[in-house]
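Okay, so here's the structure we're looking at.
Throughout, read-outs are computed from the coordinates displayed, never taken from laboratory work. Given the structure is predicted, the values throughout are model-derived calculations rather than measurements. Every residue, glycine among them, receives a Cβ derived from its backbone with ideal geometry; neighbour counts consider all protein chains shown.
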Amino acid sequence: MCSNLALTSDNHGVQQTILLNTDNEAAGQSSTETVMSKTPVIMTVPEMAKYLRIGRNNAYELVKEQGFPALKLGRQIRIPLMALNDWISGRFKEQ
C-alpha cells in the first residue's frame, strides 16, 4: 500500500512543501531517512525547533547549554544536523 503525506509550511514568506512517501519498501528507505534527506544540513534555531518539535524559546535555551553543538557566526547561530543527532544520541547513552 502506497500513500503520500504532504507537509506545507510558510517560512518567512517562502512556501515549502515536503512530500513523504510512506511506502518504505517501494521508496527503498525508512520514513526517518526521507525526513532526514529533506532537513537542511545546517539549521537555524527556528528550524532546529521545528525538527525537534519544541518551542523557539526552548531551542534558544538548548543552544546556551554547555556542550551543545551550535556554531556562532557573528550574531547568527547555526546547528549542524549531524552534530545535533550525535548530541542527541550521546544524551540517550548518558541515561
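Per-residue counts of other Cβ atoms within 10 Å, averaged by peptide: what ranking do you get for 88-94, 48-54, highest first? Walk me through the numbers on the way to the answer.
On the way: 88-94: 8.4, 48-54: 15.4.
Averaged packing, sorted descending, gives the order 48-54, 88-94.
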- Query: Mind checking the alpha-carbon convex hull of segment 40-95 and giving the volume per residue in Å³?
  - Reply: 81
